[in-house]
Structure formats: C-alpha cells, structure tokens
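The values are calculated or read from the model by the stated rules, or taken from the named source; none is laboratory data. All of these numbers come straight from a predicted model, not from anything done at the bench. When we count neighbours, we look across all protein chains shown, and the Cβ atoms used for this are built from the backbone with ideal geometry, even at glycine. SASA here: full protein model, heavy atoms, side chains in, ligands and nucleic acids out. Shrake-Rupley method; radii C 1.70, N 1.55, O 1.52, S 1.80 Å.
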Amino acid sequence: MIGRYDPYHDPRPYIERWKKAQREREEDDAIYQENEVYSSEDEDKQRHGPVPEELNLLERVNYALFERIAHDGFTENPKTVGLVLETPTPRPDASKVLLVLDLTMKTVQEAINDPLIGVIMAYHPPNLPAMQGITTADQTQHMLLLCAANGISIVTPRNALETCSGGINYWIASGLTIEIRDKYSPILGLDGTYHYRMDRKVHPGTGAYFSLEQTKTVENLVMRLKKRVPLARIRLVLPPGTTASEKHIINIAVCAGSGYSVLTRWYPAQLYITGNMSHLELLEATSRGVVVILCENMEYCYLQKFKERLSAHINAGDNWNRAEVICSSHDLVVM
C-alpha cells in the first residue's frame, strides 16, 4: 500500500539526535567525574551563589522555585509560568504557602480562611484570557480579586517543574527503574530541538525516555506505578491481542499532562505514561503496538512529595523566619 510519507513518525532523525546527545552526555559525565564532587548544599552555592539575606514570603517562593528547584526548567509559553498575581497588601504575619493542583473557589476560600497563608502555588495556571476589565462576573477574575483583596499572591510553576532536572517526569520514571541517571534521556522539545542547561548537561525536556534494567511485564509496571502514583483510578490501554501479564516492556516514555504530541516523538518506546489522551490518539498508539497508561492528575501525587523539597528551600536562609508548606485539602482529586 502506498501511503503519504509522514516525517513526524520517522524515527531516524530523532535517533541520530539522541545518539549525539548521549555522546555529549558521556563526555560531560567524564568531565564531572574528574572534578570534586560537592554536596547538594555546596553545589547550590557554587551554581547560584549565597542565599539572599532579606526576602519576603513571595520572594522566597519565587527564589526557591525558579532559582533553586527549577532553575534549568523551560517553557514554550512564558504566560503559563511565574507570578500570576502579586497582592499590593501582603498579610503581615503570613508564614504559609498553600500548594494546589488547580485554582478553584474552594482552594481560594481555604487560603482566605487561614490568616497565615500568604502565597498560593497553583500547579496549573488559571485561565487568563485577554481582559478588557476585571469583574466578579468572571470566575477566574473573581478568584484573583478575592486573593488580592485578602493579601494573597499566586505563583504557578507548571512547565518549569515538568521540564527541570528532578521534576515530575523524572520522579515518575524513578519509580519504575533503578540507577536512572544512566538510563534517563530527554525527549525533543516541541520545537524539534534538545535543550541544554548552562553546564551542558542534557536537559530532561518536555518528556522523558528511559530503559529498564531488564524487561518487565505490563502487570508488574502497573503495580510499581500505583505505588508511585496512588490514585484511585489508573487507565491501562493494551494493543489488540496482548495481555498485561504477557506483554513485556523495556523502553518507556513519560510526559505529564496531555503528552501524546511529545511522546510520539520518541519512536522506540513500547509504553507511554501520560495524563490523558483522546480516543483517536489511543487508537493510533495501540495500532503501533504501544501500551498506554493514563494517570490523570498524577501531578497531585507529585505535589505531596514536592512540598518537602519546597519547604527546605524557602527556609534556606539563616535569618529567614520559619515558613510552612501545606497541600490543599480541597483539590478535586480522587486518591
């Protein structure tokens, strides 16, 4: 059958780019091994310099997120990352940061009811269309007005945490394999290029591709994934004629959110792990023999662990008052 040539699914250019990136990564690792290995604290000081002495709570959150944790993250849409709202009248005694998956009226009210909450970190950015005016008639505008009036600022890290080293894709992958540092590779960005950090290490990118230490059945991988992402429902979609107990996997691609357009760029993957896909995308993937696992709101599980990491960084200053990071109890997620 003669069909239309589709370069989008041609693996050759991506495999060549991957090989080139792997060679550069090996060279970088060799250079790294020759140098002195610093502790995480010393390495942070070497890369970022000393911790600033005087920062308010919002500044500490921004510093922790974008200068320490996700310093090497990137986004193809700057509007979806960073400061969403800076209140003109911060709460004077604010010492808490509220982590939420989505900004909703319930999570906003939760923050308002606690007088110590001064910053909301919303993983998913609120929908901010072009505005000719700001009124309470619009749900998003109403929530922003309530936060501003009650001395609460809002930041969103989304893509930065999905693309940084040690981010959510790395976290998912590390639950399925061992010694991931030698097996973890980037997926191409949506612009078709690899991304690099300042130290020339290969950037994890908008997704992750890695190989297991040995082949595992789909059934085994689902059990491992459930321990990492303890959601009430994980959807497994198998290619026709296969079973979870018999299908073996070694190459896996991961992308948080709706990751099909990213995952298909990594041709050799036998398993896709992402948040959600359309019916037609599932049909196309399984027709090529790819197993798909859908974990909607996997980001919520990541936030439960991430709060400890954020807490450590927003309390890194010797002269900083103690701040607490808490997760919302009103996110619309079924665990």
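Summary table below
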item	result
Region 120-148 - residue that is farther than 20 Å from residue 328 by Cα and among the polar types (S, T, N, Q) and, of those, least open to solvent (accessible area, probe 1.4 Å)	141
Any pair with Cβ under 6 angstrom, 6 or more apart, that starts in region 155-171 at a residue that is more than 20 Å from residue 84 (Cα to Cα) and open to solvent by less than 10 Å² (accessible area, probe 1.4 Å) and ends at one that is part of a helix (DSSP H, G or I) and not acidic (Asp, Glu)	167/161; 168/161; 168/302
Matching option when the condition is at pLDDT 80 or above and either surrounded by 14 or more Cβ atoms within 10 Å (Cβ to Cβ) or out of contact with any Leu (no Cβ under 7 Å at 6 or more places or on another chain) (or both), among 204, 240, 186	240
Among the candidates 41, 86, residue that is at pLDDT below 90 and out of contact with any Asp or Glu (no Cβ under 8 Å at 6 or more places or on another chain)	41
Single condition residue 258 does not satisfy, out of (1) closer than 30 Å to residue 97 by Cα; (2) open to solvent by less than 70 Å² (accessible area, probe 1.4 Å); (3) part of a loop (DSSP other than H, G, I, E, B)	(2)
Close pairs (9 angstrom Cβ cut-off, 6 or more residues apart or separate chains): under 19 Å from residue 140 (Cα atoms) in region 75-95, open to solvent by 40 Å² or more (accessible area, probe 1.4 Å) and at pLDDT below 90 anywhere	79/128; 80/158; 81/66; 81/75; 81/158; 82/66; 82/75; 84/128
Test: residue in region 308-326 that is touching a Leu at 6+ places or on another chain (Cβ under 9 Å), touching a residue at least 40 places away in the same chain (Cβ under 8 Å) and under 21 Å from residue 177 (Cβ atoms)	no
The listed residue being modelled with pLDDT under 90 and of a type in the set (D, E, K, R), out of 308, 324, 296	296
Residue identified as in contact with a Cys (Cβ under 8 Å, 6 or more places away or on another chain), open to solvent by less than 30 Å² (accessible area, probe 1.4 Å) and among the β-branched types (Val, Ile, Thr) among 249, 273, 293, 314	273
